[in-house]
Amino acid sequence: MSPALRGDVVTGLAVTLIGVVYYVATFWIQETNNIVTPRTFPAIVGIALIVLGVFLVGQALYRGRKLAEAAPGAADSAAGSASGSAVGSGGEDGSASGDASAVVLEAPQDPPSKKVVLQFALFFVYLAILIPTGFLLSTTAFLMTMTSIYAPHRWIRNLIFSVLFALVVYVAFVYGLAVYLPVGILG
């Protein structure tokens with residue numbers, strides 16, 4: 001199994017474990033008589049993390065198995081085309097002829113591990129400042145930072161997305177579901 005696939009398995013297992021811990025922690029949230037309780041959204045998030053983690057592990061294992069099945073055939077055809085081109089299948093200028101089976105595509109680069117560690121660190125900082133700062137400010141800052149990791153030159157788009165997303169979620173929960181989110185320093 002390639003390092004990228006091993007990384008996906010480890011990440012999937014970590015996400016699944018976090019989801020299980022998160023879901024189990026919802027049982028300590030006090031119940032209310034409302035239809036949608038304060039435990040509902042965290043339980044949904046925990047279950048979603050479990051499902052996504054298991055899916056990532058399954059996908060990595062499936063791709064690993066497919067690559068292992070395809071590897072012997074790919075190695076034989078690559079060896080055959082290499083020996084065929086060495087025998088003299090080149091043109092007059094010594095270049096290889098246009099054999100379609102000899103095309104090799106480069107795999108995409110693995111994501112830098114520093115980015116992944118930074119994202120986890122930002123998530124834990126977000127969790128730490130959520131209650132004292134409030135949902136709107138902390139979520140906007142978190143999303144702005146996360147989107148700026150991938151598109152730093154599009155800071156206006158990142159800011160608009162971060163503010164709108166935080167506002168829509170806040171309005172949906174507070175006014176639509178009557179679930180109060182931390183107001184923090186704005187309250």
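Out of curiosity, is L127 more than 22 Å from R39 (Cβ to Cβ) and in a helix (DSSP H, G or I)? Taking the combined requirement at face value, the residue does not satisfy it.
State whether the residues of segment 129-145 include one that is within 23 Å of T40 (Cα to Cα), assigned by TED's automatic domain parsing to the domain that holds V116 and surrounded by fewer than 12 Cβ atoms within 10 Å (Cβ to Cβ). Scanning segment 129-145, I find at least one residue that is within 23 Å of T40 (Cα to Cα), assigned by TED's automatic domain parsing to the domain that holds V116 and surrounded by fewer than 12 Cβ atoms within 10 Å (Cβ to Cβ), so the answer is yes. Being surrounded by fewer than 13 Cβ atoms within 10 Å (Cβ to Cβ), aliphatic (A, V, I, L, M) and touching a Leu at 6+ places or on another chain (Cβ under 7 Å) is a property that L186 has.
Filtering segment 9-39 down to residues that are in a helix (DSSP H, G or I) and of a type in the set (S, T, Y), which residue is surrounded by the fewest Cβ atoms within 10 Å (Cβ to Cβ)? For segment 9-39, the residue satisfying everything is T11. Scanning segment 142-182 for residues that are closer than 30 Å to N34 by Cβ, free of Cβ contacts under 8 Å to residues at least 12 places away in the same chain and in a helix (DSSP H, G or I) yields L164, V168, V171, A172, V174, Y175, G176.
Yes/no per residue for (1) loosely packed, with under 14 Cβ neighbours inside 10 Å; (2) more than 25 Å from V15 (Cα to Cα):
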{"position": "V125", "(1), (2)": "no, no"}
{"position": "A151", "(1), (2)": "yes, no"}
{"position": "A172", "(1), (2)": "yes, yes"}
{"position": "L181", "(1), (2)": "no, no"}
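The values are calculated or read from the model by the stated rules, or taken from the named source; none is laboratory data. What you are looking at is a predicted structure, and each value in this text was computed from that prediction instead of being measured. We place every Cβ from the backbone using ideal geometry, glycine too, and count neighbours over all the protein chains shown.
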